[in-house]
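See structure below.
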Amino acid sequence: MIYVTQGHCYGIGLETFLKAYLCQSHKFREQIILICHLDDLKINLNFMPYKNSIYQDHIFINKIKLNCIFFEKSHTPNSTTALHIALGLCKPNDILLTLPTSKDQIFYNKKQLNGHTEFFRKFFKQENLVMSFLAPDCNFLLLTDHIAIEDVSKKITQERIFQKVDFFIRYIHQSREIKEVFFSGINPHCGENGHISNDDSIIQTGASLLRKKFDSIVFHSMMAGDTLHFNIKNKNQLFVYSAHDQGLAPFKLKYGLIGINLTLGMPFRRVSVDHGTAFDLWGKNKANYAGMLYLMEEIKNWK
C-alpha cells in the first residue's frame, strides 16, 4: 500500500497530489490511501475545478475514487497526526508519501522538530536514517542535513559514512542498482591536503570501509563538491555530499521540481517531492504538479 499524509493545509501538497492522482491508472490508484483531516481536504477541493462527493472512507473526484482515512482534530498539528496514523499502518513493503509541510507542524513528544526526517529519527531511534534524492538519471545522498554548517565536520564520522551509504545501497537495490559511488569533500578543494582543513580525510576512511564490503561497486576517490556533479551519467551512480546545500544546490539547479526526497533505514520507504509548501501559490489552482507526477511514475515500478 501507499499511504499519503496530508502535509500543510495551506500548502500546495494536496493540490499537486490530487492532480497527479487523477492521471494514474485504476490499478495504481487502488494502492493509495490518503490520510487527512476532512476540513483540510474540503478547503483544498473548493478551489480546484473538479466535481467531488465525500463519503465516510473515500471521496470521488470527477467520478474517480480515492480511499481516505479521515481523523478528528486534536491538540497536535494535522501533519503530525497524519504521520502517527500512517506509522501505525505501514508494513515493510509499503510506501509512505508525505506531502510538504512546515517546520511548525512537526512535533514529537511535544517538541517541535526541523522536518519529517528528524521526526523519523526520533520515532525509530535511528540517528543515521538517510536523506537522499532521486532524479531520472542520478541519486544524491546527504551525510548531514538540517544542521548548522559549523557542525558538519563534527557530525561526519567513518561510522556515519559507512552506515548511510550502506543503508542506501541495500535499500535501493529493489528499484536501482548502484555500480559507482562518488564522494564530495567537506571543505573547498577537499581541504587542500590540510592547508584549509584536515577534516576531509575522514571521507577517504569511510570509503575504504565500504570498498571492503561492496567489492563489485566502484568507490571513487574524494572530489571537490563544486565539480562532483560533472560526473553524472545514469541512475546507477550515487553521489554523496557532506552537507545539505552542498548537495541540493546542484541537484535542484539541474532537475528543478523533478526529484524525489527518499528516506531510507526505516522498515518501509518514505518519499516526498523535493519542493516545499509554496504558500504563495496555495488556493490559486496554479501549482506545478510535475514533481508529483514523476514521483508516482517512479514508485509504481518499485517492488
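Rounded to the nearest 20 debye, the dipole size of the chain about its Cα centre is 900 debye, using +1 on the Cβ of Lys and Arg and -1 on the Cβ of Asp and Glu. Within the range 1-111, antiparallel bridges make up roughly 40 percent of the DSSP beta bridges whose residues both belong there. Sorting Lys73, Lys179 by the number of Cβ atoms found within 10 Å of their own Cβ, with the fewest placed first, yields Lys73, Lys179.
With q set to 0.13 Å⁻¹, the log10 of I(q)/I(0) for the range 24-178, from the Debye formula over equal scatterers at the Cα positions, is -0.80. The amide H of His58, built 1.01 Å from its N in the peptide plane, has Cys68 as neighbours under 5 Å, considering only residues 5 or more places off or on other chains.
For the range 10-84, what is the convex hull (Cα atoms) projected area averaged across all directions, in square nanometres?
Details: hull surface 20.0 nm².
Averaged projected hull area, Cα only: 5.0 nm².
Please figure out what share of the DSSP beta bridges in the chain is antiparallel and state it in percent, rounded to the nearest 5.
Beta bridges within the chain, antiparallel portion: roughly 45 percent.
Quickly estimate the mean residue ellipticity at 222 nm for the chain, helices only: each DSSP H run with n ≥ 4 gives -39500 (n - 2.57), and the total goes over all residues, rounded to 500.
Working: 10 runs with 97 residues, N = 303.
Roughly -9500 deg cm²/dmol at 222 nm, from the helical runs in the chain.
Translational diffusion coefficient of the range 90-196 (Stokes-Einstein, Kirkwood radius from Cα pairs, 37 °C, 0.692 mPa s): 204 µm²/s. Panel order for Arg176, Arg269, by other beta carbons found within 10 Å of each beta carbon, from fewest to most: Arg176, Arg269.
Using equal-weight Cα scatterers in the Debye expression, the normalised intensity of the range 158-222 in log10 at q = 0.12, 0.17, 0.20, 0.24 Å⁻¹ is -0.32, -0.60, -0.77, -1.00. Only the Cβ atoms of Lys and Arg (+1) and of Asp and Glu (-1) were treated as charged; on that basis the dipole of the range 188-303 about its Cα centre amounts to roughly 620 debye.
Would you mind computing Rg(Cα) / (2.2 N^0.38 Å) for the range 127-265, counting N as its residues? List each step's numbers first, then the result.
Values: Rg = 13.7 Å, N = 139, 2.2 N^0.38 = 14.3 Å.
Here the Cα radius of gyration is 0.95 times the empirical estimate.
3J(HN,Hα) along the range 75-89, derived from phi through the Karplus expression 6.51 cos²θ - 1.76 cosθ + 1.60 where θ = phi - 60°, amounts to 6, 9, x, 4, 4, 5, 4, 4, 4, 4, 5, 4, 5, x, 10 Hz, with x in place of Gly and Pro.
Applying the Karplus relation 6.51 cos²θ - 1.76 cosθ + 1.60 with θ = phi - 60° to the range 173-181 yields 3J(HN,Hα) values of 4, 5, 10, 9, 9, 8, 10, 9, 10 Hz, where x marks Gly and Pro.
Evaluated on the range 66-140, the Kirkwood hydrodynamic radius is 14.0 Å, with distances taken between all distinct Cα atoms. 3J(HN,Hα) along the range 33-38, derived from phi through the Karplus expression 6.51 cos²θ - 1.76 cosθ + 1.60 where θ = phi - 60°, amounts to 10, 8, 10, 7, 7, 4 Hz, with x in place of Gly and Pro. Normalising by residue count, the chain has a Cα convex hull of 127 Å³ per residue. Springs between Cα atoms under 10 Å define the GNM used for the chain, and in it the highest mean-square fluctuation of Asp166, Asp199, Asp215 occurs at Asp215.
Run through the DSSP bridge list for the range 127-265 and note the antiparallel percent, rounded to the nearest 5. Each step should come with its number before you reach the end.
Working: 10 of 21 bridges.
Just about 50 percent of them are antiparallel.
Checking the cross-link pairs Lys179/Lys300; Lys125/Lys154; Lys103/Lys179; Lys27/Lys233; Lys122/Lys164; Lys42/Lys63 against a 26 Å limit on the alpha carbon distance flags Lys103/Lys179; Lys27/Lys233 as lying beyond it.
Values in this text are rule-based calculations from the coordinates and carry no lab data. Being a predicted model, the structure only gives us computed values, none of them experimental. All Cβ positions, even for glycine, are placed from backbone atoms using ideal geometry, and neighbour counts span all protein chains on display.
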